[in-house]
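Engineer: There's a structure below that I have some questions on.
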Amino acid sequence: MVIDETLSGYSDWCYGIAVGAYVVAMLFYLYEQAFGYRERTAARELVAVGGGDTLVAEPPGESGDSPSRTARAVRIGKLAVSLTAFGALLHFGSLVLRALATSRAPWGNMYEFGATLCLVAVGTWLVVLRKYPVRHLGVWVLLPVILLMFLGGVVLYTTAAPVQPALQSYWLVIHVFAIALGSGMVLVPGVVSVLYLLKVRKPAWSTRLPAADVLDQVAYRTTVFAFPIYTAGVVFGAIWAEQSWGRFWGWDPKETVAFIAWVVFAAYLHSRATAGWRGGRAAAINIVGFAAMIFNLFFINLVTTGLHSYSGV
């Protein structure tokens, strides 16, 4: 298979510029969080608007911030969203160019899988912004995305090349993409659950965070969407394993940790639906599931040895 080095180079450029756009957007989100509206502390209320939840903010000036500075923070926050969308377009373009350069799905190694996962996380965040007033929290969502992309581009980068024969299957498109889609989506509720725990402990800067109910709803509803996709990815993996290795399940390290993460997220959703768990206990379970995902992505791929040791790093 001939690799188009020109398209591969363009892909790398788009990847790098996307990271730069995310960094600038993160700084803009940080500015809005620092100087935007504070949450109303005397009476917090949620008002349902168009199927979403809108946090009633304190009027300008009551939080100690001048109206002009607050308005400027809002404008910068909107600019941050535009930069995030611009970065996502470049990010998507880098994957498309990588696919064209290699004539295969662009998630055949750790570098490409991480790039796909991060793109899904950013896309999920942009969707969340259309439903909830949590724009200034973009700094906390983009921070892990930027760290993952920096690690991918510097440490895990792999030159464009054909995948190993074991991966030359249509299941690479189906299984790996489903896992990347589900894993990328749970990054957002994982981060939001951490913020929820910080919120309920009421640190000095907690008034800069949305109401705890908003954070809880964002984490729960995003996980509800991500869980079936992740479940499908695990099932597809079992089917591919049966075709490749002659068994659906073999307790390979990556399979085992993926199953553990699935159980944790299932417990999170089940506990909310049946036991009525809300708040800190549910958030803690969600964080454990997110941590299992990260552990599976890095430690299992880079440290242990198993049938999934194909990352090319």
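Engineer: How many residues are farther than 16 Å from Ser183 by Cα and either in contact with a Ser or Thr (Cβ under 6 Å, 6 or more places away or on another chain) or among the aliphatic types (A, V, I, L, M) (or both) when one looks only at the stretch 248-268?
Structural biologist: Going through the stretch 248-268 one residue at a time, the tally reaches 2.
Engineer: Could you tell me how many of the residues in the stretch 109-140 are among the aliphatic types (A, V, I, L, M) and over 10 Å from the mean Cα position of the chain (by Cα)?
Structural biologist: The qualifying residues number 9.
Engineer: Which residues, counting only those in the stretch 252-282, are in a helix (DSSP H, G or I), small (Gly, Ala, Ser) and under 22 Å from the mean Cα position of the chain (by Cα)?
Structural biologist: Across the stretch 252-282, the qualifying residues are Ala258, Ala261, Ala266, Ala267, Gly280, Ala282.
Engineer: OK, next. Would you point out which residue out of Tyr132, Tyr196 is hydroxyl-bearing (Ser, Thr, Tyr) and buried (at least 24 other Cβ atoms within 10 Å of the Cβ)?
Structural biologist: Criteria check complete, one pass: Tyr196.
Engineer: Given the conditions (1) more than 16 Å from Val191 (Cβ to Cβ); (2) of a type outside the set (S, T, N, Q); (3) buried (at least 19 other Cβ atoms within 10 Å of the Cβ), report the number of the one that Val74 does not fulfil.
Structural biologist: Checking Val74 against (1) more than 16 Å from Val191 (Cβ to Cβ); (2) of a type outside the set (S, T, N, Q); (3) buried (at least 19 other Cβ atoms within 10 Å of the Cβ), the one that fails is (3).
Engineer: Determine which member of the set Val186, Val173 is more than 16 Å from the chain's Cα centre (by Cα), in a helix (DSSP H, G or I), closer than 30 Å to Gly20 by Cβ and touching a residue at least 40 places away in the same chain (Cβ under 8 Å).
Structural biologist: Answer to the check: Val173.
Engineer: For the stretch 85-93, does any single residue satisfy the condition of being part of a helix (DSSP H, G or I) and under 20 Å from Gly190 (Cβ atoms)?
Structural biologist: Looking for residues that are part of a helix (DSSP H, G or I) and under 20 Å from Gly190 (Cβ atoms), one finds at least one in the stretch 85-93, hence yes.
Engineer: May I pose another question? When both residues are 6+ apart or on different chains and their Cβ atoms are under 6 Å apart, which pairs have a first residue that lies in the stretch 76-105 and is under 13 Å from Ile3 (Cα atoms), and a second that is small (Gly, Ala, Ser)?
Structural biologist: As it stands, the answer is Leu97/Ser11; Arg98/Ser11; Ala101/Ser8; Ala101/Ala160; Thr102/Ala160, since those pairs meet every condition given.
Engineer: If you check Leu119, Leu151, Leu143, which single one turns out to be part of a helix (DSSP H, G or I) and either touching a His at 6+ places or on another chain (Cβ under 7 Å) or on the phi > 0 side of the Ramachandran plot (or both)?
Structural biologist: Leu119
Engineer: Can you name the condition, by its number, that Tyr157 falls short on among (1) part of a helix (DSSP H, G or I); (2) aromatic (Phe, Trp, Tyr); (3) more than 29 Å from Val218 (Cβ to Cβ)?
Structural biologist: Failing condition for Tyr157: (1).
Engineer: Answer with yes or no whether Trp249 is surrounded by 16 or more Cβ atoms within 10 Å (Cβ to Cβ), outside any helix (DSSP H, G or I) and among the aromatic types (Phe, Trp, Tyr).
Structural biologist: No: the conditions fail for Trp249.
Engineer: Can you name the condition, by its number, that Ala121 falls short on among (1) modelled with pLDDT under 95; (2) buried (at least 19 other Cβ atoms within 10 Å of the Cβ)?
Structural biologist: Unmet condition: (1).
Engineer: In this structure, does Leu89 turn out to be modelled with pLDDT of 55 or more, surrounded by 15 or more Cβ atoms within 10 Å (Cβ to Cβ) and within 21 Å of the chain's Cα centre (by Cα)?
Structural biologist: So Leu89 fails the test.
Engineer: Could I ask something else about it? Suppose we keep only residues that are more than 19 Å from Val218 (Cβ to Cβ) and among the small types (Gly, Ala, Ser) within the stretch 252-275. Which one would you say is surrounded by the fewest Cβ atoms within 10 Å (Cβ to Cβ)?
Structural biologist: If we take residues in the stretch 252-275 being more than 19 Å from Val218 (Cβ to Cβ) and among the small types (Gly, Ala, Ser), then Ala275 is surrounded by the fewest Cβ atoms within 10 Å (Cβ to Cβ).
Engineer: Go through the stretch 201-238 and count every residue that is at pLDDT below 90 and loosely packed, with under 14 Cβ neighbours inside 10 Å.
Structural biologist: Matching residues across the stretch 201-238 total 5.
Engineer: Please find, among Val218, Val163, Val234, the residue that is touching a residue at least 12 places away in the same chain (Cβ under 8 Å), more than 14 Å from Gly289 (Cβ to Cβ), aliphatic (A, V, I, L, M) and part of a helix (DSSP H, G or I).
Structural biologist: Val218
The values are calculated or read from the model by the stated rules, or taken from the named source; none is laboratory data. In this text the structure is predicted, and so the values were computed from the model without any measurement. Here the Cβ is made from the backbone with ideal geometry for all residues, glycine too, and neighbour counts use every protein chain on show.
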